[in-house]
Amino acid sequence: MTTTADRLTPAPGSLLTESSLGRDGFLALVDLAAELKAARAEGREVRRLTGKNIALIFEKASTRTRCSFEVAAADQGASTTYLGPDGSHIGREESIADTAQVLGRLYDGIEFRGFAQETVEELAAYAGVPVWNGLTDQWHPTQMLADVLTIRETISPDLTGLSWTYIGDGRNNVARSILVTGAMLGMDVRIAAPGALQPPADVRRLAAGLAVLSGGNTFVTGDAADAVIGADVIYTDTWVSMGEPDSVWDERVELLRPYRVTAELMAATGKATTRFMHCLPAVHDSSTELGQRVHERYGLSGAEVTDDVFSSPASVVFQQAENRMHTIKAVLVSSLVD
Ligand code: CP
Ligand code: NVA
């Protein structure tokens, strides 16, 4: 359905996709996050969001994104209201456009995590205040800010030419965001996925165009061993994303079994310094309900990554998770401080 949302511009400071920030805008947020992280650690953080109110809309589950918005806001003196999958009228009795106009009058900014990218865009079109994408089916831009901060901290402050290799479901939000973000930042981005799970043509075109401008490179292949040669980062994500039915697990395991991140794949980079990254949550052992099901049904201990890799010194996943908070704080400060 076409709505008037098509004609309205999101408020300045909105973050709906990573590519809309441009290279300089993206790196400015990463720099600000590094400064805010240092200030917090050194006890010299200044509260710049006192009196601001922030709404957090979650159509889907979250640990890191929700907690990062709440802690970042609290550190800066702002208040938050959590609107979860149940308990509000959103999407049931009240349209997104009407919700946006209500919340836009009460709040200084709105975070949205949900199923469709079109929903966050419609929210931004009507809210009149900054709207931040906390993950949709298409993009996960706040994850990208944390990932790039982590790459800078653990590999090199200079991103030029670093190889960022993603292995797994190449159509999902995180894979698409990595392809576009790495390309925008002049990195050598590689996606290894079976043919049926490779990024769609429009995303590949967008990334290829950004790589031309930045001097970066993009490469999509079905060959995981080839993709990881010389990789600085090996990154993977869950094989079945939120919103997909449990029934796809059988087919997904069949397709992705050869794409697990194992110690052998890490060694195939030929580099001792390669880092393992994952946005989390990860199926890396049988300690969770999902991990147990994967073990019982498919005979696998862990799915997309084995526990020896996940728990190895090469793994920076918890630093990544912490950096969600510092980078989200940078988004809030840069959007809401005049
Ligand atoms: N990586 C990430 O977005 O985690 P949550 O789903 O816990 O927010
Ligand atoms: N691709 C995953 C990312 C979770 C942070 C999902 O959408 O479920």
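The values are calculated or read from the model by the stated rules, or taken from the named source; none is laboratory data. Since the structure is predicted, the reported quantities are computational estimates derived from the model, not experimental observations. Here the Cβ is made from the backbone with ideal geometry for all residues, glycine too, and neighbour counts use every protein chain on show.
Only one entry in THR160, THR165 is over 15 Å from TYR259 (Cα atoms) and of a type in the set (Val, Ile, Thr), namely THR160. Out of all the residues in region 103-122, which are in contact with a strand residue (DSSP E or B) (Cβ under 8 Å, 6 or more places away or on another chain) and over 19 Å from ASN173 (Cα atoms)? Correct list: LEU103, GLY104, LEU106, TYR107, ASP108, GLY109, ILE110.
For region 250-280, filtered to residues that are within 16 Å of ligand 1 (Cβ to nearest atom) and either within 15 Å of SER163 (Cα to Cα) or at pLDDT below 95 (or both), the residue that is nearest to the chain's Cα centre (by Cα) is MET277.
Can you tell me how many residues in region 290-316 are part of a helix (DSSP H, G or I) and surrounded by fewer than 19 Cβ atoms within 10 Å (Cβ to Cβ)?
The initial filter retains those residues of region 290-316 that are part of a helix (DSSP H, G or I), namely 290-298, 307-310.
Remaining after also requiring surrounded by fewer than 19 Cβ atoms within 10 Å (Cβ to Cβ): 290, 292-293, 295-298, 307-308.
The total comes to 9.
Residues in region 277-322 that are more than 15 Å from ligand 2 (Cβ to nearest atom) and either more than 19 Å from ILE151 (Cα to Cα) or basic (Lys, Arg) (or both): 19 in all. Among the residues of region 173-211, those identified as assigned to a loop (DSSP other than H, G, I, E, B) and hydrophobic (A, V, I, L, M, F, W, C) are LEU185, MET187, ALA193. For region 104-119, filtering for residues that are within 16 Å of ligand 2 (Cβ to nearest atom), out of contact with any helix residue (DSSP H, G or I) (no Cβ under 7 Å at 6 or more places or on another chain) and either polar (S, T, N, Q) or in contact (Cβ under 8 Å) with a residue 40 or more places away in the chain (or both) leaves 2.
Among the residues of region 125-179, those identified as surrounded by fewer than 24 Cβ atoms within 10 Å (Cβ to Cβ), within 11 Å of ligand 2 (Cβ to nearest atom) and of a type in the set (D, E, K, R) are ASP137, ARG171. The residues listed here are SER241, SER247, SER287; of these, the one that is farther than 30 Å from THR160 by Cβ, among the hydroxyl-bearing types (Ser, Thr, Tyr), part of a helix (DSSP H, G or I) and at pLDDT 95 or above is SER247. Just one of (1) within 16 Å of ligand 1 (Cβ to nearest atom); (2) under 17 Å from PRO141 (Cα atoms); (3) not aliphatic (A, V, I, L, M) fails for GLY243. It is (2).
When each of ASP285, ASP223 is tested for being among the charged types (D, E, K, R) and in contact with a helix residue (DSSP H, G or I) (Cβ under 6 Å, 6 or more places away or on another chain), the lone residue that passes is ASP285. Can you confirm whether SER20 is within 19 Å of the chain's Cα centre (by Cα), hydroxyl-bearing (Ser, Thr, Tyr) and buried (at least 19 other Cβ atoms within 10 Å of the Cβ)? Answer is no for this residue. Inspect region 55-69 for any residue being surrounded by fewer than 14 Cβ atoms within 10 Å (Cβ to Cβ), under 29 Å from LEU159 (Cα atoms) and either basic (Lys, Arg) or within 16 Å of ligand 2 (Cβ to nearest atom) (or both) and give the result as yes or no. Among the residues of region 55-69, at least one is surrounded by fewer than 14 Cβ atoms within 10 Å (Cβ to Cβ), under 29 Å from LEU159 (Cα atoms) and either basic (Lys, Arg) or within 16 Å of ligand 2 (Cβ to nearest atom) (or both), which makes the answer yes. Scanning region 52-66 for any residue that is in contact with a strand residue (DSSP E or B) (Cβ under 8 Å, 6 or more places away or on another chain), in a helix (DSSP H, G or I) and charged (D, E, K, R) turns up at least one such residue.
Kindly indicate whether GLY77 is at pLDDT below 95, farther than 24 Å from TYR235 by Cβ and more than 13 Å from ligand 2 (Cβ to nearest atom). Spelling it out, it is not the case that GLY77 is at pLDDT below 95, farther than 24 Å from TYR235 by Cβ and more than 13 Å from ligand 2 (Cβ to nearest atom). Of the residues screened, GLU322 is not one that is within 16 Å of ligand 1 (Cβ to nearest atom) and part of a loop (DSSP other than H, G, I, E, B).
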